[in-house]
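This report refers to the structure that appears directly beneath it.
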Amino acid sequence: MNLTQNLNTVWKYRVLIQNLVSRELKARYRGTVLGFLWSFLNPLLLMIVYTVVFGFIIQPRDPAFEGSPWIYALFLFCGILPWTWFSSTSLESANVLMINGNLIKKILFPAEILPVVTVTSNLINFLFALPILLIFIPIMGKPFTLWMLFLPVVILVQYVFSLGFGLLISALTVHFRDIKDILANFLTFWFFATPIIYPLSFGSIEKSHFLRILLNLNPMTHIIRGYQSCLFYGELIHWKKLGVTFLAGLLFFVIGYYVFDRLRDSFPEEV
Amino acid sequence: MYAIEVDNVSRIYQKYSARHRFQTFKSALVKGDLIKSIKADELVTALDGVSFNVEKGRTLGLIGENGSGKSTMLKIVAGITKPSSGRITTVGKISALIELGAGFHPEITGRENVFINGIMLGLTKREISEKFDEIVSFAELEDFIDAPVKTYSSGMYMRLGFSVAINVNPDILLIDEVLAVGDASFIPKCLDRIDDFRRRKKTILFVSHGLDTVEKICDKVVFLKNGRIAAIGEPKRIVNAYLQDIAEKQEKAFVKKKGEKTPARDMGDERREDRWGKREIEIRKVTLRNLQGLEKHVFSPEEGLAVEMDVVSSAAIKDFVFGIGIFNSKGVSCYGTNTYAEEFQPLMIRGEGKVVCRIEKLNLINGTYYLDVAVHKINGYPYDYHRNLYSFLVSSAHKDVGIVRLQHAWSFSPAIEIKK
């Protein structure tokens, strides 16, 4: 397997990746009035919906929320923002080779650049929205802590995992177009299977051994938990769990790359 | 030294049957044949053992019908598609003009697209900045370069694409039929650029249906047929071989079409087919031949045509005229004559005979022609009149228009600089 050689090629194309990412970002919000604010507004609106339903109507009794819907809203926001990065990356990856079929068919061009661009441009979107989340932390009544400095580590883990997933999805969707639809539904399920709208310390999870194993097997659990540790709980990230998640992410990346590489030659005909 | 070496290259495309094509991920999972379903069940050979070389600084033309493998060949040389077997070696930087403006993003401006497209084609950012003004002025888009590409007309789009690609300054330039879409003022500019490349000793691989251009700019031509090399060599000879091949194919298609002809035709048709007369003298058979005596239906304008009529007369008849008429597909009479008009005196016909009208040179333009043949009395009473029963095709490389191709020659005084 010539993974290192291929990665080298991708590195040579970094200027192109950079330009394609900025093109993506420019093109995405061109013609909209609010521009890049949308990358923040979308999760904000989602957060408002969940805050109203779960904060005000159902009223979570977890001690971490101090009985305040606003604190709960902040908790939600810490999870939804990175989740949006992950889910939009996955959905866009499913389409990215087909949308850019012209490049693959007509220009000599390493195709793996396209998922890389998708993950990266969504990362930039996430980073744009991050400062606004940071502003919300004191407003909602939580302190800043130095543990926040571990945020880049969590982001790196998510990047590697998303890229692996994106490579796998993009390559397979070329042959099985219905992955797109399956994925959209699967992501909804995945969202609820990740502690985003509920904390891991929730009573029913604490009690059920089965649920805990299930949640622990989900890489996104540890990634989202990482964000919550840095931003919401103000504690050290769980080194071991996040470390294992990183290794799992790397494995995912290698598998994704392998599948992508195997199917590569069929892209010009199939997209 | 060779810039491009193609050694026994084959390319087999996988064709997925309808059953496979519509197979879904879900059903593949259920049946557990995820990997198997990715494999194709039918193979199409696009290229079959093709070998040729292009010396550095030379221009090679690739001609052939649609689907003969030209574009596949180009994509393989460009490295976009990999050969199924065989080897390909290229020396130097390649730029492929396979589709102009492939990868332009409609939402962003021409300026931004020039940069991204340039980088994709292998330029650095600095090189693009240096050449930017040249690129824009060549494309004649100074006023529009900061507008989103989606507002461009297709011509503007294409000009910008060409302009970027040509400024990549490659060692090997691959051109696939991209000039066909330019307007009348842009194509000569493109050809100038290509000439410029040739002068600078760059290697060019040129795919085109514009045989004039191929003949003019190529040093060597490869004629591909069904994925194989049918002929390779000096441009004039290969282009002629290609034209010959097309003519043969038309001939076959023509004969086949003849065989399928339905007898009932719309009588409102201008080219109404008909036959009338009491057949005291009968035209039993009409054969079209070239002057070498070969029966054919597709002719070049330079060829001659012999219309051969097998006639039979039951009694001895003293009053008869043979005539022919040629009509084009619009029903316009191109030429008509008969033996009386040419002052032949009929004396006697009895039994079987053969009448041949020999046209030394057809001198017609491209198109389908219909033939009338008749035998009648001097006063016009028809024995046997065949109206539009026979047809032939003129396949011409000339682009002249009108009804007939008049014999002509051009001459120019020395002050007028012009070349062919």
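Any aspartates and glutamates with Cα under 15 Å of the B:K70 Cα? List them, leaving off those in the same chain fewer than 8 positions away.
B:D48, B:E99, B:D176, B:E177
Quickly work out the A:D181-to-A:F210 label distance, labels modelled 7 Å from Cα along the C-beta direction, and quote it in nm with one decimal.
3.1
With an 8 Å Cα cut-off and a minimum separation of 6 or more residues, compute the relative contact order for chain A in percent.
Numbers: 306 pairs, mean separation 70.8, N = 271.
This gives 26 percent for chain A.
How far, in nm, would the chain grow between B:D7 and B:K318 when pulled straight, counting 0.36 nm per residue and subtracting the alpha carbon separation?
On the way: separation 311, 0.36 × 311 = 111.96 nm, distance 7.19 nm.
Working it through step by step, the gained length comes to 104.8 nm.
Let me have the relative contact order for chain B, percent, based on Cα pairs under 8 Å that are six or more residues apart.
Details: 778 pairs, mean separation 57.8, N = 420.
In percent, rounded to a whole number, it is 14.
Listing A:W239, B:W410, A:W83 from the residue with the fewest other Cβ atoms within 10 Å to the one with the most, what is the order? Before the final figure, lay out each step's value.
On the way: A:W239 10, B:W410 6, A:W83 23.
So the residues, fewest neighbours to most, are B:W410, A:W239, A:W83.
Could you give each residue of region B:71-88 its phi-based ³J(HN,Hα) in whole Hz, using Karplus coefficients 6.51, -1.76, 1.60 with θ = phi - 60°, and x for Gly or Pro?
Those phi angles translate into 5, 4, 4, 5, 5, 5, 4, 6, x, 6, 10, 9, x, 6, 8, x, 10, 9 Hz.
Straight-line reach only, C-alpha to C-alpha below 14 angstrom: list the aspartates and glutamates that B:K189 could link to, leaving out same-chain residues fewer than 8 apart.
Within the straight-line cut-off, B:K189 pairs with B:E134, B:E140.
For a quick protection proxy, order the peptides B:343-353, A:58-68, A:177-187 by their average other-Cβ count within 10 Å, most packed first. Walk me through the intermediate numbers first.
On the way: B:343-353: 11.3, A:58-68: 12.9, A:177-187: 14.8.
Output ranking for B:343-353, A:58-68, A:177-187: A:177-187, A:58-68, B:343-353.
In debye, nearest 20: dipole of region A:3-270 around its Cα centre with unit charges on the Cβ of K, R (+) and D, E (-)?
On the way: 19 positive and 13 negative charges, 66 e Å.
About 320 debye.
How far is helix B:186-199 tilted off the main Cα axis of chain B, in degrees rounded to 10, range 0 to 90?
70
Can you list the chymotrypsin sites (Phe, Trp or Tyr not before Pro) in region B:46-131 that are in a DSSP coil and have 14 or fewer other beta carbons within 10 angstrom?
Details: sites: B:F52, B:F104, B:F115; in loops: B:F104.
Of the chymotrypsin sites (Phe, Trp or Tyr not before Pro), not one in the loops of region B:46-131 has a Cβ with at most 14 other Cβ atoms within 10 Å.
Which ³J(HN,Hα) values, rounded to whole Hz and listed in residue order, are derived for region A:170-183 from phi using the Karplus coefficients 6.51, -1.76 and 1.60 in 6.51 cos²θ - 1.76 cosθ + 1.60 with θ = phi - 60°, glycine and proline given as x?
5, 5, 6, 5, 4, 8, 10, 5, 7, 4, 3, 6, 4, 4
Scan around B:L97 for amide H atoms under 5 Å from its own, H built in the peptide plane at 1.01 Å from N, and keep only partners 5 or more places away or cross-chain.
B:L174, B:I175, B:D176
Picking from B:R11, B:R228, B:R111, which is most flexible by a Gaussian network model of chain B using Cα springs under 10 Å?
Ranking B:R11, B:R228, B:R111 by mean-square fluctuation puts B:R111 first.
If you find the alpha carbon centre of region B:126-185 and of region A:198-248, how far apart are they in angstrom?
Their Cα centres are 53 Å away from one another.
Ignore the peptide's own chain and count Cβ atoms of other chains within 10 Å of each Cβ in B:122-131; give me the average, rounded.
Details: counts 3, 1, 1, 3, 0, 0, 0, 0, 0, 0.
Mean partner-chain Cβ count within 10 Å for B:122-131: 1.
Kindly flag which residue pairs out of B:K330/B:K361; A:K106/B:K93; A:K105/B:K75; B:K278/B:K318; B:K252/B:K354 have an alpha-carbon separation exceeding 18 Å in this structure.
B:K330/B:K361; B:K252/B:K354
Could you derive backbone 3J(HN,Hα) for region B:122-133 from the dihedral phi with the Karplus parameters 6.51, -1.76 and 1.60 (θ = phi - 60°), listing whole Hz in sequence and x where the residue is Gly or Pro?
Calculated HN-Hα couplings, in order: x, 8, 8, 4, 5, 4, 5, 4, 5, 8, 3, 4 Hz.
Using a 10 Å cut-off around each Cβ of peptide A:3-15, what is the average number of partner chain Cβ atoms that fall inside? All intermediate terms of the calculation are to be shown ahead of the outcome.
Details: counts 0, 0, 0, 0, 0, 0, 0, 0, 0, 0, 2, 0, 6.
Mean shielding count: 1.
Counting only residues 5 or more places away or on other chains, whose amide H sits under 5 Å from the amide H of B:A230 once H atoms are built in the peptide plane?
B:F223, B:L224, B:K225
Between the helical axis of A:3-12 and the dominant principal axis of chain A, each derived from Cα atoms, what acute angle in degrees is found, rounded to the nearest 10?
90
Of the listed peptides A:84-94, A:243-253, what is their order by residue-averaged count of other C-beta atoms within 10 Å, with the highest listed first? Write out the running numbers ahead of the final one.
Details: A:84-94: 22.4, A:243-253: 17.8.
Taking the mean over residues of other Cβ atoms within 10 Å, the ranking is A:84-94, A:243-253.
Residues with amide H under 5 Å of B:Y383's amide H, sequence separation 5 or more or different chain, H placed in the peptide plane at 1.01 Å from N; which?
B:V375, B:H376, B:K377
Run down the lysines and flag those whose C-alpha is under 27 Å from the C-alpha of A:K240, throwing out any fewer than 8 positions away in its chain.
A:K142, A:K207
For region A:44-85 and region B:387-420, what is the separation of their C-alpha centers, rounded to whole Å?
Cα centres, region A:44-85 to region B:387-420: 82 Å.
Using a Gaussian network model on chain B with a 10 Å cutoff between Cα atoms, which of B:L174, B:L47, B:L294 fluctuates the most?
B:L294
Read-outs: derived from the displayed coordinates by stated rules, not from any lab. Keep in mind that this is a model prediction, so the values were computed, not measured. Cβ coordinates were reconstructed from backbone atoms using ideal geometry, including for glycine residues, and neighbour counts include every protein chain displayed.
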